[in-house]
Amino acid sequence: MKTTATPKKKMAIEMAAVKMQDGKMKTATVKMKTRTRMNATMNMIRCGLACFLLATVAAVAFPQMPSGREVVDATSYASSEPVARGSSFQLAVVLKIRNGFHINAREKSADYLIATDLKSETPAGFKAGEVAYPKGQLHTFSFSKTPLNVYEDKVVLRVPVNVLASAPLGEQRIPLKLRFQACSNEVCLPPVTVDVESKITVTNSASASRPAHPELFPPQ
């Protein structure tokens with residue numbers, strides 16, 4: 001004699017089946033999340049190993065190769081101190097280039113080279129003129145078949161600046177940004193941009209202004 005399941009028993013069976021299915025889905029979800037975490041961890045490990053190997057190879061190939069920022073020491077000087085409202089003066093940015101290295105001159109020898117570039121970010125009360133770049137020198141290097149126009153040892157870039165009548169008094173800063181690419185005789189480093197800050201003092205009295213650093217500012 002067959003036993004017919006009551007509606008309550010059918011409902012209990014269906015609920016049990018649903019719970020079992022939910023349990024299987026939750027288990028599958030947990031496994032998937034665990035697998036995703038493991039894959040992400042393995043990818044991080046692989047990337048870390050790759051970076052370590054690249055750094056090791058670079059260190060072995062160029063054990064004493066500095067960064068571009070370490071090759072050039074840039075310092076700014078003003079032609080007058082203090083500077084008077086309504087007057088003009090010059091800023092000289094002196095570049096001391098590490099021995100055995102050079103940087104591309106303003107007039108670069110090829111389109112693919114990065115020319116030396118100086119930009120001023122004059123604050124309110126000042127107006128900067130066009131930068132005067134020195135001529136470079138042609139030299140031949142192992143990585144180029146043709147001579148390149150470069151700066152070596154020490155060069156001076158000059159920027160004329162007008163002090164407006166509205167310029168704020170006291171100590172002021174004129175930010176400059178220098179971009180260049182340094183190279184040795186065998187290899188070129190990535191181009192860099194460095195901040196060069198010039199400090200000046202602004203006064204109301206023109207008679208208080210005196211020439212400064214005459215060795216950097218030849219008579220015009």
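Quick note: the coordinates plus some simple rules give every number you see, no bench work behind them. Note that the coordinates shown come from a computational prediction; the quantities given were computed from them, not determined experimentally. Please note: Cβ atoms are built from the backbone with ideal geometry, for glycine as well, and neighbour counts cover all protein chains shown.
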What aspartates and glutamates sit close enough to Lys127 to cross-link, taking a C-alpha to C-alpha distance under 17 Å and skipping anything fewer than 8 places away on the same chain? Glu171, Glu197
Explain nothing, just compute: Karplus ³J(HN,Hα) = 6.51 cos²θ - 1.76 cosθ + 1.60, θ = phi - 60°, for every residue of segment 171-186 in order, whole Hz, x for Gly and Pro. 6, 10, 10, 10, x, 10, 10, 10, 10, 7, 10, 9, 9, 9, 6, 10
Spelling out what I want: for every residue of segment 99-104, take phi, set θ = phi - 60°, compute 6.51 cos²θ - 1.76 cosθ + 1.60 (Karplus), and round to whole Hz; glycine and proline get x. 4, x, 10, 8, 10, 5
Residues Ser166, Ser76 arranged by fewest to most Cβ contacts within 10 Å: Ser166, Ser76
Can you work out the Karplus-derived ³J(HN,Hα) for every residue in segment 154-159? Use 6.51 cos²θ - 1.76 cosθ + 1.60 with θ = phi - 60°, whole Hz, and x for glycine or proline. 9, 9, 10, 9, 10, 10
Taking H as built 1.01 Å from N, whose amide H comes closer than 5 Å to the amide H of Phe126, not counting residues under 5 places away? Leu164
Say each of Lys199 and Asp153 gets a label point 7 Å from the Cα, pointing the same way as Cα to Cβ; how far apart are those two points in nm? 3.1 nm
Using alpha carbon centroids, what distance separates segment 62-126 and segment 168-194, in Å? 5 Å
